[in-house]
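Engineer: Quick one: the structure is below, questions incoming.
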Amino acid sequence: MEIQVDEPMAFSPRRDRLQVDGSLKSYEQNFKLSGVKKDIEKLYEAVPQLRNVFRIKDKIGEGTFSSVYLATAQLQVGPEEKIALKHLIPTSHPIRIAAELQCLTVAGGQDNVMGVKYCFRKNDHVVIAMPYLEHESFLDILNSLSFQEVREYMFNLFKALKRIHQFGIVHRDVKPSNFLYNRRLKKYALVDFGLAQGTHDTKIELLRFVQSEAQQESRSENKVHVISGNKMSLSGSAVPRELEQQPTTKTSVKRPYTHAQIQIKQGKDGKDGSVGLSVQRSVFGERNFNIHSSISHESPTVKLMKQSKAVDVIYRKLATKKKAVSAKVMNSGVMKKTTSSCPVSLTCDCYATDKVCSICLSRRQQVAPRAGTPGFRAPEVLTKCPNQTTAIDMWSAGVIFISLLSGRYPFYKASDDLTALAQIMTIRGSRETIQAAKTFGKSILCSKEVPAQDLRKLCEKLRGIDANTPKLTSDIQGPASHDPTFSEKTDHKAARLLQTSHAQHSGHLYKGNRNGCWGLDAHTTNLEGWDMVPDEAYDLLDRLLDLNPASRITAEEALLHPFFKNMNL
């Protein structure tokens, strides 16, 4: 008698994993969908009049200060019209909301600047209704764009910037996601004026109020401080009588913290965190510039401040009354003599060195506008220059342009302003950055000299185009390559912030590396025109990424640049 036994079903971990992944993905989609439905219902409840006009279909964007929904409006005549509804968070300042609306109504509606159709308000909830422009994701199309499409993209971006700059509007947040692009219709729209500021002669009246409020806030936070360039000293403000009567010996002052422990609270725009005293900080060669050791390291050449020498702010104000010494400070790039607030024994000992002493750490940070998106901030924003102009928008446009030419996005990716400045130095050079900073009253110290890169060679290297043979290569390397066209003096650790990993042929359009930077795949990139990029393209890029805001090219000048020859305004 034969007994047949069915073979047990083979265990397939891959199939089981796919089933789990599929169900998890389905769950996430359903969860997200239910979340969107709840948000739409909450918006209807917050602003009931929306129900009478719009049918909200989806949530298409979410930021720090607002959420954007796609809706349709039934017009009296004609088909349904697609509308973008921007719901501003209730905590937004009324003047800020009104200023954004004024930017849209006065400057918007033409020259690739988004306009406004309606505005709804219920209590503290404000919804701005704008025309909806269907658009592509910048990342999705980055490496499928032909060179001619890149020319058109930049030309239309400069048209929009010229328009708003004519009204004295500084956008402050120029980036691909705020410049909508419909590739099929060749339509463009500059959006989101939530962070906009006005120039000194702005034609947008409400931006003057935004500016004056910011200045008032800055004055109130620094009313006992004098800011001169990058050196900050205490002013000779009046000291309470009871403090004047106290003896000036060091032993009479008790410190509220030990030498190894101090908490520094920066300005509104800073981060809280423990910072070590008198710690040497190398500009290059560190992964995160926000993290410092709490152990101080003494140098044989430079004596670091001891615990007995360190005094608090109150004592230093008192010491100012007793004795002052002459010290050099930088003010608007000009050296001049002034009086220091610290006695000889307490003079800051970290000036022109790559460390920060306890005296400097106990001072308040300089307050200056720094709103914007990391990676797109200009050098004058990163160094907290108080006088910022429309030139910061042109720098951001330059960062977009270098992403288009190199095929890398985001091009700069930094966790903090110092890292961002170090990354800029790896491209534009440390000496050039230091020299440019002097023109707007800032002194930068760099531990290593980093040469400026040739923009053409850099972009071609990152895009994977061989300089000798006009074709896309599969070996994509970064600027820290051993290629002789790149200087051996370039700091490799800093360069790795921009370098991407070796591209693998897996059939996908983009290749991400461990730093989150996305490059291109040789199989899917549009080569049209990229083998003959003219010198004018890199000349324009050079002028956009001019480290000196005073000489940086304007939007009006950019439109007349030879790069856009034969293109109609």
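The values are calculated or read from the model by the stated rules, or taken from the named source; none is laboratory data. Remember, predicted model here, so these are calculated numbers, not experimental data. A quick note on method: Cβ atoms are made from the backbone with ideal geometry, for glycine too, and the neighbour counts reach across all protein chains shown. SASA here: full protein model, heavy atoms, side chains in, ligands and nucleic acids out. Shrake-Rupley method; radii C 1.70, N 1.55, O 1.52, S 1.80 Å.
Engineer: Please arrange Ile60, Ile400 by accessible surface area, largest first, computed with a 1.4 Å probe and ligands excluded. Provide the component values of the computation, followed by the final result.
Structural biologist: On the way: Ile60 75, Ile400 0 Å².
Of Ile60, Ile400, the descending order of accessible area is Ile60, Ile400.
Engineer: If you don't mind, there's one more thing I want to ask. Modelling each spin label as a point 7 Å along the Cα-to-Cβ direction, I'd like the Gln435/Ser146 distance in nm, to one decimal.
Structural biologist: Going by the 7 Å Cα→Cβ label model, 4.0 nm.
Engineer: Continuing with the same structure: Between rounded, prolate and oblate, where does the range 35-131 land on the alpha carbon gyration tensor, with a ≥ b ≥ c its root eigenvalues, rounded for a/c under 1.5, else prolate if a/b exceeds b/c? Display every interim value, and only then the final one.
Structural biologist: Working: a/c = 1.60, a/b = 1.05, b/c = 1.53.
Because a/c hits 1.5 or more and a/b fails to exceed b/c, the range 35-131 counts as oblate.
Engineer: Length gain on complete extension for the stretch Val106 to Tyr118, per 0.36 nm per residue less the alpha carbon to alpha carbon distance? Intermediate results must be reported in sequence, preceding the final value.
Structural biologist: On the way: separation 12, 0.36 × 12 = 4.32 nm, distance 1.39 nm.
Contour length minus Cα-Cα distance gives 2.9 nm.
Engineer: What FRET efficiency do you get for Val53 and Phe209 if R0 is 35 Å and r is their Cβ-Cβ distance, rounded to the nearest 0.05?
Structural biologist: Working: r = 30 Å, r/R0 = 0.86.
Approximately 0.70, to the nearest 0.05.
Engineer: How much solvent-accessible surface does Ser34 expose, in Å² to the nearest 10, with a 1.4 Å probe and all protein chains in place?
Structural biologist: 50
Engineer: Going from most exposed to least, what order do Arg428, Arg55, Arg364 have by accessible area with a 1.4 Å probe? Mind showing how you got there, number by number?
Structural biologist: Working: Arg428 30, Arg55 150, Arg364 130 Å².
The ranking, largest first, comes out as Arg55, Arg364, Arg428.
Engineer: When ligands, DNA and RNA are left out and all protein chains stay put, how many square angstrom of accessible area per residue does the range 35-131 have with a 1.4 Å probe?
Structural biologist: 54
Engineer: Give me the base-10 log of I(q)/I(0) for the range 103-154 at each q in 0.12, 0.25, 0.26, 0.28 Å⁻¹, Debye formula, one uniform scatterer per Cα, rounded to two decimals.
Structural biologist: Each listed q maps to, in turn, -0.46, -0.99, -1.01, -1.06.
Engineer: A follow-up question, please. Which order, highest average first, do 531-537, 122-128, 452-458 follow once you tally other Cβ atoms within 10 Å for each residue and take the mean per peptide?
Structural biologist: Numbers: 531-537: 14.0, 122-128: 17.0, 452-458: 18.6.
Top to bottom by mean Cβ count within 10 Å: 452-458, 122-128, 531-537.
Engineer: When the Karplus curve 6.51 cos²θ - 1.76 cosθ + 1.60 is applied with θ = phi - 60°, which whole-Hz ³J(HN,Hα) does each residue of the range 162-174 get, with x for Gly and Pro?
Structural biologist: 4, 4, 6, 5, 5, 8, x, 9, 9, 5, 6, 9, 6
Engineer: Rounded to the nearest 0.05, what FRET efficiency do Lys457 and Gln76 have when you use their Cβ-Cβ distance and R0 = 41 Å?
Structural biologist: Details: r = 59 Å, r/R0 = 1.45.
My answer for the efficiency is 0.10.
Engineer: I want to check the label-to-label distance for Glu536 and His93. Put each point 7 Å from Cα in the C-beta direction and report it in nm to one decimal.
Structural biologist: Here the modelled spin labels are 4.4 nm apart.
Engineer: Scale the Cα Rg of the range 131-213 by the rule-of-thumb value 2.2 N^0.38 Å and send over the ratio, two decimals. If you can, show how the numbers build up before the last one.
Structural biologist: On the way: Rg = 14.7 Å, N = 83, 2.2 N^0.38 = 11.8 Å.
The value comes to 1.25.
Engineer: Show Tyr132, Tyr69 ordered by accessible area, largest first, where the area counts protein heavy atoms only and the probe is 1.4 Å.
Structural biologist: Working: Tyr132 60, Tyr69 10 Å².
From most accessible down to least: Tyr132, Tyr69.
Engineer: Let me ask another. Long-range amide H contacts for Ile465: which residues qualify at under 5 Å (H placed 1.01 Å from N, peptide plane, sequence gap of 5 or more or a different chain)?
Structural biologist: Those lying under 5 Å, H to H, from Ile465 are Thr473.
Engineer: Take the residue pairs Lys162/Lys186; Lys162/Lys461; Lys355/Lys448; Lys159/Lys203; Lys37/Lys82 and return only those whose Cα atoms are more than 21 Å apart. Before the final figure, lay out the partial values.
Structural biologist: Working: Lys162/Lys186 19 Å; Lys162/Lys461 32 Å; Lys355/Lys448 14 Å; Lys159/Lys203 18 Å; Lys37/Lys82 19 Å.
Checking Cα-Cα distances, Lys162/Lys461 exceed 21 Å.
Engineer: Ignoring ligands, DNA and RNA, what percent of the 1.4 Å accessible area of the range 35-131 is carbon and sulfur? Write down the numbers at each step before the final one.
Structural biologist: On the way: 2670 of 5240 Å².
Here carbon and sulfur together make up 51 percent of the probe-accessible area.
Engineer: Could you list which residues have their amide H under 5 Å from that of Val356, counting only those 5 or more apart in sequence or on another chain, with H placed in the peptide plane?
Structural biologist: For Val356, the qualifying residues are Ser278, Val279, Arg281.
Engineer: For labels at Leu527 and Ser443 in the simple 7 Å Cα→Cβ model, what's the distance in nm?
Structural biologist: The answer from the label model is 5.4 nm.
Engineer: When the chain is fully extended, how far beyond the present Cα-Cα distance does Leu139 get from Met567, taking 0.36 nm per residue of separation? Before the final figure, lay out each step's value.
Structural biologist: On the way: separation 428, 0.36 × 428 = 154.08 nm, distance 2.57 nm.
Here the segment from Leu139 to Met567 would lengthen by 151.5 nm.
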